[in-house]
Amino acid sequence: MLQKTALIIGALSLISGVFSDDCPSFFNKDDNGNCTIRQCTNGGYLDVSKQICICPSGYLGIHCEAVKTSLPPDNHFKVGGTSFNIININLYTEYWGVSTYANIQKGLEAHFDAYPTGYDNYNLVETRGTPYLDNIDQPQYDSISFNYDNINSNISFSLADLEDTGIYWCYEVAIYENLIQMIQKGGLKNTVITIVTQHPPLAEFHDEARQIAVAFGIRINVLWISDIVFNACSDEQISDFKTFVDITGGLFVQLQAENGDQNNINLISQVLLTHYKPQYVSIQSFPDCTSGQIIPVVADPVVSGPYNFVFLGASANPTIPLFTACHLRQPLRSYDNQLAIFQSPDPTNPDCANLNITTASGGCTGIVFTNAAPASGPLDLAISTTYVENPSIDASRYAIVEGVPFYPALHVESNPTAQITLNSISASFDRSWNPQLQKRSPAAFEWIPSTTIKCDSTKTYSLFLNISVDLTIVQRAVRVACVPVPVITTTTAAATTTEPLASTTTGEASSTTTGEASSTTTGEASSTTTGEASSTTTGEASSTTTGEASSTTTGEASSTTTGEATSVAATTSSASSTVVTSTEMPSSTSQAVCTTQDNSATFLFAYAADFDPTTYGLVSRTIGSYVTANLPTGQTLANVLTDLTTEMDIKYTNVANDFTTNCVTDQPDATLARSEVQASTALQTIQQFLKNANATMRLEGSIIILLVNRLPKNDDDLISGEYDQLTNLNVKIFPIITIRNLVEHSAIASRSGAVFNRIAAQTNGHYIVANDTIGVDVNSDFNKIIANFMKTSYNQNLLFVRNIGSNRFLSLGSSIGTLRIPKSPTESATVPVTITVSLSAVDTNVPQLPRRLLLAILGNSKFNQTKTVQIDFLNPENVTSFANSNYYTTTVNLDAGIENNLILLYDAGPDQNDVLIRMWTPNAIHRSASYVNAKSEPLTPVNKITESTGAALKFTLENQCSSDKTATLLITDCNGEVSAKYDSDQIFNWKDNSTFYQFVPFFCDNQPTPTTCISGAESKYDAQFVSNDFSVTQSFQCRPGNGPTDNCKLKDSNGNYQCSGTSPFMRGPEGSLTDCSGHGHLEYDEPTKLFSCICDPGFSGPSCEIVTCTNQNTDPLAKDNAYHTYTVVVGLEKTNGFLVFDDAKVLFGLPGLNGTVDLPEVWKYQLLTICADGVFDMIYSGSDLGEFQRLFTSPNYELLARTCNTPPSPGVNDLTTIYKEAVKGIGRNVKGIIVYFSEVSSMINVTLDEFIAASQPYQQQFFVYAVDETSMPILPNGERIAKAAMTTGGFLIQSYITDDVKGHLDTQFIPDFLQSSTSIAWYSSDQVDDFTYFTQNNIFAYVITWNVGDNFKINNGVPFRNCQIAGNENVECKIQGPQTVKGNIDRGAFYVAVYLLDDPLIPKVQIISDLDRDSSNAVSTSSSDTRTMLTFNIPEEYDIVANSGDGGVTRNAQRNGCTFDWTAYSVFATQKYTPGLNIAKITLQDASSNTYTRFFPFGTSSAPVCQNGGTPIQSDGSCLCPSGFQGSDCSLVNCSQSSTSNAWSDVCVCNEIDDATCARQFTSIF
């Protein structure tokens, strides 16, 4: 074992064979096209007769592949026993061959004499025949054969008489091929094979032999007889053979001696000691031993036999002092002087603890071992090693990859009763590596260090183990198998270099920019990121900018603000913004600013007759100036005096001069006013204005300014229809009163301005109290506020509106909604937004300041904009405010074309005011907006919007401004919340034939819950329309409707009314709209005048219910209904002892079945016991049915099963614990059966919720056999036990045994089940009526009941035949064909299952989270928004139709290009499943309209439980899985292309053992 010799296992595949795409991992098809031929990994090989893999010790995967930790069988490492193995290449030369071979025969005899009963079996393979020269002197080797007669013999052997070499030169023999056959035929593991030869091996099968030897822990010794005269093999011809031996940990010993040379015979005998229970104490290698190297030696406390010191290297020797200290005998040396064996009868001297070894030149290796003497010592310890990527993996690979961190995992065995503890572990190559040890349970390789190791393949490594066996402490050494990373040759024009095979990009191909050069903006160094694909740009220049691009608006001072608060001045913005292009907001081709062509909205100026003339003069001139300068074509102007003794009509005109003249003519005159004690008539003026609305006086978009001098009566108000007109037609009203008049009139009894607060809130106006004192600027606050009204409401669009009730807790900040900013008409980076804020006015005093009023406008990360603008409305530097007024205003520049989140911090003052916020932006585009009856043709405007009709906004812009523009509509309730209902956030895609925007009706609620809105405005909604550079908010009132129709009364989880029925599925309180199934949206089509679904990509059908799978499920196991695992758990207790095993064997031992013939689909069998003390024992876990059957038979199970001395007690066997233990060795991805059998039924217990959570991810049907001796007592917790079993598709079988187990139990039920693909034709936990199930006439079925027995009938009261009946609790009947079963038993409700055997339908079901999923990714949870969604794989000639009696609650839809081609789901939130057992039913229909029902049970838990760091998604029962994982609970791996999942899909296996890149990615994922 020389230092420079690498363990070059080479580029060997961990997987032998090529997989079929339509077979599960590690399976290939047999001659019948079935996926039954297994591929074996980690050096494992196929037992052809049984079609199972023979694996190295401890490798529990059914293909010898990596598996997660699980409970191994007690005999797993003991299989095979000790063996003595020789391969004799009986072709020897004269003289040296003859004489040395004779010495080998004598040495072998001496070894057998020393250990006459030392081995359990003996294996000898020898050659027969000799080569020869043919008649033309060409060598012929076909006469050489290998004799395998002495395999697995129980007696020792002698070597055959010498055969002549035949041809006297160095020729090659098929040693490697026959080495493999010997290992496989003998079932050899963890042993030594000594090859006696004068000839080197043929190179063929070299790699395969090396792999199987290293994997199975087989050390290869070679006794090489050297003869440079007659066969003259050169060093070059045998160098590969030496390397091969060294890799396996064996000894290559060159021999040449005279016959009878005792030293030669002794050397041979000592080499053969490596066969007999070798106990390695130390293994150490060094690159240079010329100056001496230290090897640690720790002898066992009891030494009854010699220790062997094997030194490899040129003339290797210990130092002279150590010769004495270690009591070393004279060495026995090989012929080439490269090996020396020193023996010591007692190396326990402390001075021998560090052995110094020197060589004449070069490196050396020291190996110290002894042979176990179990009776006296040294201890017989068997140590098995594997290497794993993560402590959660039990066994993964037999060798580690150079430079990649792995955990060595170990199993140590001694005598069966010994208590073994691995105290510490260290490494020969790294003295600083001193990890903590952890004991894993359950696990085959139970000991694992806390940190990983790496290896260098040019060195020989070993691990030193400090082990306690009971009270005895010993040291052992194990060798580390290290695989080098393969090298590749890189050729360039200049030179050729050799590099390790490593990829800078993991799993992704990099791509190239094509068409134009790629440029990087300087700012930061460009770097290549390993493991990610570079981006591809075709035909365009690709540029990367480091940092952020700053864009500054021309003409304003700018400062870049990123993620920080920015203070804003009252009328200018000091914050610049970054131009952000977003795909989130609608965009269109930029165009010129649209000019106003028409705006026929009405402006009404109403003022009290006794209003102060001076203030009126200022105000009227201000208003007159605005309308004169900004009067659009078609604008109607109106004025009127209010509070007159005799009311006058409103005057209307379209001429600005006429309007200003009217305002002069009709100026206030106190002599015409009503008495001061009379109330204001402002409300009557509003009502008159509404009545006057006609074709020439357009109401929509109108503005009313009311100069109020007195307050209305406290019970005055508008009626709901009038509020509907005002709100729905976007009429904005601004009442304003002077402080003086408010104080004067508030003292009058029965007067209140509260109605003005309500009107302002519901019409998006403001009710203002202000001072009309004229200042030095010859102006007043009153007039300034009027000017602000005209600047905003008259000239600008209402961008945003929010009314916030004083009862809303905002002192710490709360979201008040989303603000969408349109693009700039001038293509500027920002848009100016004027914000006006008022506090609701009180009647009793001048407005009081709030404690805090701060608005934060937050950038939205999805637009790559994080700037925050903060506006403190109590800071005069930020805003324009007015003394003793409730009104504030400011203007800010906000980034164009993005969304902002608004946060308000408000702490009300003494008045506890409500807050009214409006935002305005310049835009002069004419529009026409109305809410219409969506069901009318043509669409007609409506004055009233109800919960039943919905709000359907029709919006028209000037033609040159609306063409080719997408628009959005965001609807918020009075709380500022965007409803979870459909159509609260809409996009309208402009079409070539569009002439207006028609939005889908939004079915509002009369009042949101909970509400913190301003009193009286709870039913108001605000809809913000945005189209490119235009935006306006159009509000509406939502009134109560007539209630939903009978078939539309149920809601989905978002509050939408959904209607029962078939496709097209309808929704809405009256079923007026098509439901697009969450995978499309409704759009209005002008030519057809219909709202229809525009489906998302991959979806079609009138309701977008038909999905076309883009990621088809290609897993062959997905639709596989065969049973692949079979687990039997036998409950033991003291009373019945092992008699329970005998009964279990009859029921579950599968006597008479042959695995390859009868159960070719079963991959794994497990046999466990659980004692009444709760301790499990694994009796068998593997793929061999014969071994499973053998261990089910007495006395075999008695040798392995622990005697249970605990008496039975109620409830000690928890089904959840039993299920968890049973599935540890099997996967979530395969179907199987678990049987639990107990003959004391009272021991059985279960908590249903816990059981469901544990069993949900698996496909294991659980059958509980609650059996008692002689009689059948009442089963405690029987309901829970039955339901637990049924959640898995299993059942509870309660019975009793009298004289024969067959008396009341069907012994063929489980064997028939395993040999079939089953489906469920009927399933109920509450059966009270007759039922009928249909199937083909020749199909057999099992009808099983619980809670009813001997009075169970069929076919009009006729008892079943072929039934096993257990009292009145259980029936098991095997019947054929369709049946009608009597269900109205006098006893009441009962449990029943009908299992069909080999049903041609065999639908396979999966639970999915969404319609487009084709792989199971969810479990059934009560927290889901709706009922569990199922998808089915059924034969092509069948369809799924509505279930009888379902009432349209279940929606069925076909799918295209999916493995699972139908879905069944429900959108109704009230119909979702509750925790516990739930049973889904589908009805299939064939071409002849015959129908068949099939049932699918499952357990529903409260919430999903995710593994491997997955995040639960409560709404659909799925998990958001991290990279590398998938499945309903993230427990299944998602392997890269260079790896394949194991059989259970919970570990990825690299295709190549030396693929370092693959290995690295899995050392951190699990």
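The values are calculated or read from the model by the stated rules, or taken from the named source; none is laboratory data. As the structure is a computational prediction, the values presented were derived from the model and not from experiment. Cβ atoms come from the backbone with ideal geometry, glycine included; neighbour counts cover every protein chain shown. For accessibility, only protein heavy atoms count, side chains too; no ligands or nucleic acids. Shrake-Rupley method; radii C 1.70, N 1.55, O 1.52, S 1.80 Å.
For the reader, a short list of remarks on this structure follows.
- From phi via Karplus (6.51, -1.76, 1.60), per-residue ³J(HN,Hα) for region 1429-1445 in Hz, x at Gly/Pro: 8, 10, 10, 10, 10, 10, x, 4, 7, 10, 10, 9, 10, 5, 6, 5, x
- Between Asp22 and Glu827, the contour length at 0.36 nm per residue exceeds the alpha carbon distance by 284.1 nm.
- About the centre of its Cα atoms, region 1404-1503 shows a dipole size close to 360 debye [charges on the beta carbon of Lys, Arg (+1) and Asp, Glu (-1) only; nearest 20 debye].
- Approximate spin-label separation Tyr95-Glu204, in nm, with each point projected 7 Å along Cα-to-Cβ: 3.4 nm
- Mean-position separation - Cα centroids, region 1075-1143 and region 79-110, in angstrom: 64 Å
- Heavy-atom surface of region 614-922, accessible at 1.4 Å and reported per residue (Å²): 35 Å²
- Cβ-derived FRET efficiency at R0 41 Å, Val978 paired with Ser750, nearest 0.05: 0.50
- The H on the amide N of Thr891, modeled in the peptide plane, is under 5 Å from the matching H of Thr571, Thr572, Ile835, each at least 5 residues off or on a different chain.
- For Lys50, the aspartates and glutamates whose Cα comes closer than 20 Å to its Cα, not counting residues fewer than 8 places off in the same chain, are Asp30, Asp31, Glu65, Asp1158, Glu1161, Asp1184, Glu1187.
- Projecting label points 7 angstrom from Cα along Cα→Cβ for Asn34 and Gln262 puts them 6.6 nm apart.
- Protein accessible area in the chain, 1.4 Å probe - carbon and sulfur %: 48 percent
- Once the Cα atoms are used to define both axes, helix 1278-1287 deviates from the longest principal axis of the chain by about 90 degrees.
- Around Leu1397: net Lys/Arg minus Asp/Glu count, Cβ-Cβ under 12 Å: -2
- Surface per residue (accessible, 1.4 Å probe) for region 1404-1503, Å²: 35 Å²
- Note on Gln51 and Thr1108: with the Förster distance fixed at 30 Å, the Cβ-Cβ geometry gives a FRET efficiency of about 0.15.
- Cα-centred dipole magnitude for region 1042-1104, charges only on beta-carbon of K, R (+1) and D, E (-1), debye, nearest 20: 200 debye
- Amide H contacts of Thr946 (H built 1.01 Å from N, under 5 Å, at least 5 apart or other chain): Arg1039
- Cross-link reach is defined here as a Cα-Cα straight distance under 24 Å, omitting same-chain residues fewer than 8 places apart; for Lys784 the lysines meeting it are Lys732.
- Accessible area of Arg431 (1.4 Å probe, protein heavy atoms only, ligands and nucleic acids ignored): about 130 Å².
- Model label zone, Leu1153; criterion: amide N under 16 Å from point 7 Å along Cα-to-beta-carbon; scope region 1093-1125: 1121-1125
- With all protein chains in place and ligands, DNA and RNA left out, the 1.4 Å accessible area ranks His411, His63 as His411, His63, largest first.
- J(HN,Hα) series, region 770-778, from Karplus relation 6.51 cos²θ - 1.76 cosθ + 1.60, nearest Hz, glycine and proline x: 8, 8, 9, 5, 8, x, 5, 8, 6
- Going by accessible surface with a 1.4 Å probe and the largest first, Thr417, Thr868 read Thr417, Thr868.
- Among beta bridges that DSSP assigns inside region 80-276, antiparallel share in %, nearest 5: 25 percent
- ³J(HN,Hα), Karplus 6.51/-1.76/1.60, whole Hz, each residue of region 1024-1039, x for Gly, Pro: 8, 9, 9, 9, 6, 9, 10, 8, 7, 9, 10, 8, 7, 9, 10, 9
- The modelled label-to-label distance for the pair Asp669/Asp346, using points 7 Å beyond Cα in the direction of Cβ, is 14.1 nm.
- At R0 = 45 Å, FRET efficiency that the Cβ-Cβ distance of Glu1436 and Glu1279 yields, to 0.05: 0.65
- Accessible area per residue was computed with a 1.4 Å probe on protein heavy atoms; Glu236 scores about 140 Å².
- Value of relative contact order over the chain, rounded to a whole percent, pairs C-alpha under 8 Å and six or more apart: 7 percent
- For Tyr931, the residues 5 or more places off, or on other chains, whose built amide H falls under 5 Å of its own are Val942, Lys954.
- Between region 205-228 and region 838-876, the Cα center-to-center distance that results, in Å: 84 Å
- Annotation for region 928-987 versus region 113-163: alpha-carbon center distance of 94 Å.
- Taking each residue as 0.36 nm, the span from Gln1308 to Thr866 lengthens on full extension beyond its C-alpha to C-alpha distance by 152.1 nm.
- Relative contact order of region 614-922, defined on C-alpha pairs under 8 angstrom at six or more residues apart (%): 18 percent
- Available extension along the chain between Gln140 and Ser720 is 197.6 nm, counting 0.36 nm per residue and deducting the alpha carbon span.
- Rel. contact order, % - alpha carbon contacts under 8 angstrom, at least six apart, region 1520-1559: 26 percent
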